[in-house]
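What follows is one structure encoded as structure tokens, with my remarks underneath.
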Number of protein chains: 2
Amino acid sequence: MTKQERAARTRQELIRAAAETFAQHGYVQARLADISASAGVSPGALHFHFENKAALAAAVEAEASVALRAVARDVYRGRQIALQALTDATHALAELLRDDVVARSGFQLSCQNTLGTGLSLRQEWQGCVQHLLALAGTEGTLAEGVAEQDMATAIVGATIGFEVLGRDNPEWLSQRTVTRFWRVMQPRLAAPQVLERLNPAGARPLAGVAPYGPNRPSRGGADLEGRARS
Amino acid sequence: MTKQERAARTRQELIRAAAETFAQHGYVQARLADISASAGVSPGALHFHFENKAALAAAVEAEASVALRAVARDVYRGRQIALQALTDATHALAELLRDDVVARSGFQLSCQNTLGTGLSLRQEWQGCVQHLLALAGTEGTLAEGVAEQDMATAIVGATIGFEVLGRDNPEWLSQRTVTRFWRVMQPRLAAPQVLERLNPAGARPLAGVAPYGPNRPSRGGADLEGRARS
């Protein structure tokens, strides 16, 4: 391993350790000494990479933003029905928040008003939801008589609620919870002719679950699979 | 004013000042000196009423819980269609969080994992939602083919999302936002024969808005009006 590779690895290790410490103790009470110890580096090494705690928090948020954009990119790339892409995106966001402490901590930092940077992750997510609903409107797969803005309000509200509730109880970020939400929403949001091609559990195949109806194209699942592999 | 009345007033003033300080700076960074100054009392008077910051936070949460229960009690008392009571309860919760810094701070304290007491307010709200859905199920006004637990997941998720998003942008707690949510949800959740008797904007009359359809009984509005007056 070159010196550069070692430095990059140490930096990543510090970001992960900071995210874990922020998630556990909150930003204000997190101590730099605990973060460097958890990353297995000296306090001097921490200061070589990050000037202070705020710089570490900004790095956590930036990493979380990259992960969120990867989720959005992969569902856009799917070229499936837009409402299924939106369903898959919420499943992918929940999985990300469940499994990735950096993403979880990045969203959580935006809950505390001690940092000025907070709102952007939630706004990015809101933008993703609105974009996919606009796509659905363009492709003509939305139910008539429901305003896109009303749909966005319900979807953004619920997914941010799951994010916050999931900090204390991960069941709120489970595939089961997100599936429950879409079982309520899909029949209200989708035009009748596309409803049977939608899967509230997400288009990603799971062991022991038959995810597709007979009419369902298989490419949608492969895309979120692709995200997980990359 | 008797000595007892003065003491009770000072205690209330300290709780309000603490809620404002927690909401603005977060629990960890809130300083007792700022709280006593904001309440217009000496540090000694603060310590006469509250042993420490945790005791103040517990008092804020207790007050918020009382306010939340008043919301729940008033909508139960209405004896209207249970789904309208649930709609009204979410409007009343949003209004409470928008207008009452003690309620807002009480919910916000449960977002920080520095206190052990946090989860109860959200759990109380979840219990209120589940109870009203069960009532709706018993009275036969729910749509067929939608599980009550799925409905509760969507409603609790969205309302907690509005609570959190509303801290940065009060529009998320506006009557407009809550009405948008129920315009999406009521047609999915209500049995067809009661749908025209439901009002997504809440049963409480607003100046310049015609809140009732022709078939709507007027008592539902009076109940939340009663809450506002008390």
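Bear in mind that the values in this text are calculations on the coordinates, not laboratory data. All figures in this text were calculated on a predicted structure; none of them were measured in a lab. Every residue, glycine among them, receives a Cβ derived from its backbone with ideal geometry; neighbour counts consider all protein chains shown.
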Quiz item: Excluding same-chain residues fewer than 8 positions from A:Lys3, which aspartates and glutamates have a Cα within less than 17 Å of its Cα?
Solution: A:Glu13
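Within segment A:59-95, report the trypsin sites (Lys or Arg not before Pro) that DSSP leaves as loop and that have at most 14 other Cβ atoms within 10 Å. List each step's numbers first, then the result.
Numbers: sites: A:Arg69, A:Arg73, A:Arg77, A:Arg79; in loops: A:Arg79.
For trypsin sites (Lys or Arg not before Pro) across segment A:59-95 that sit outside H, G, I, E and B with at most 14 neighbouring Cβ atoms in 10 Å, the list reads A:Arg79.
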Quiz item: Given 10 Å bins starting at zero, what is the percent of C-alpha pairs of segment B:36-189 in each, up to the one with the largest pair distance?
Solution: 10, 37, 31, 14, 6, 2, 0
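Find the Cα radius of gyration of segment A:1-50, compare it with 2.2 N^0.38 Å by division, and give the number to two decimals.
Details: Rg = 10.9 Å, N = 50, 2.2 N^0.38 = 9.7 Å.
Normalised by 2.2 N^0.38 Å, the Cα Rg of segment A:1-50 equals 1.12.
What does the charge dipole of segment B:1-50 about its Cα centre add up to, to the nearest 20 debye, if the Cβ of each Lys and Arg holds +1 and the Cβ of each Asp and Glu holds -1? Numbers along the way, then the final one.
Details: 6 positive and 4 negative charges, 34 e Å.
Computed about the Cα centre, the dipole is about 160 debye.
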Quiz item: If each of B:Ala55 and A:Ser42 carries a label point 7 Å out from its Cα toward its Cβ, how far apart are those two points in nm?
Solution: 4.7 nm
Practice problem: First select every other residue whose beta carbon is under 13 angstrom from the beta carbon of A:Val184; then total the charges, Lys and Arg +1, Asp and Glu -1. | Solution: +2
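Explain nothing, just the number: dipole magnitude of segment B:34-104 about its Cα centre with +1 on each Lys and Arg Cβ and -1 on each Asp and Glu Cβ, in debye rounded to the nearest 20.
The calculation lands at about 260 debye.
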Practice problem: Output, in nm with one decimal and in ascending order, the distances from the B:Asp100 label point to the matching label points of the other copies (7 Å from Cα along Cα-to-Cβ). | Solution: 3.9
Practice problem: Kindly provide the GluC sites (Glu not before Pro) of segment B:99-204 that DSSP labels as loop, not H, G, I, E or B, and whose Cβ sees at most 11 other Cβ atoms within 10 Å. | Solution: B:Glu144
Quiz item: Roughly what would the spin-label model give for B:Ala147 and A:Thr138, points 7 Å off Cα along C-beta, in nm?
Solution: 3.6 nm
Quiz item: Averaged over peptide A:158-170, how many Cβ atoms belonging to another chain are found within 10 Å of each residue's Cβ?
Solution: 6
Quiz item: Taking the label point as lying 7 angstrom from Cα along the Cα-to-Cβ axis, what are the distances from A:Ala37 to the corresponding position in the remaining copies, in ascending order and in nanometres?
Solution: 3.5
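Work out the mean other chain Cβ neighbour count within 10 Å for the residues of B:182-195 and drop it here as an integer. Provide the component values of the computation, followed by the final result.
Working: counts 2, 8, 12, 5, 1, 4, 7, 2, 0, 0, 0, 0, 0, 0.
Per residue, the average neighbour count from other chains is 3.
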Exercise. Set Lys and Arg Cβ to +1 and Asp and Glu Cβ to -1, take the dipole of segment A:1-50 about its Cα centre, and tell me which of A:Pro43, A:Ala8, A:Leu32 lies farthest positive.
Key: A:Ala8
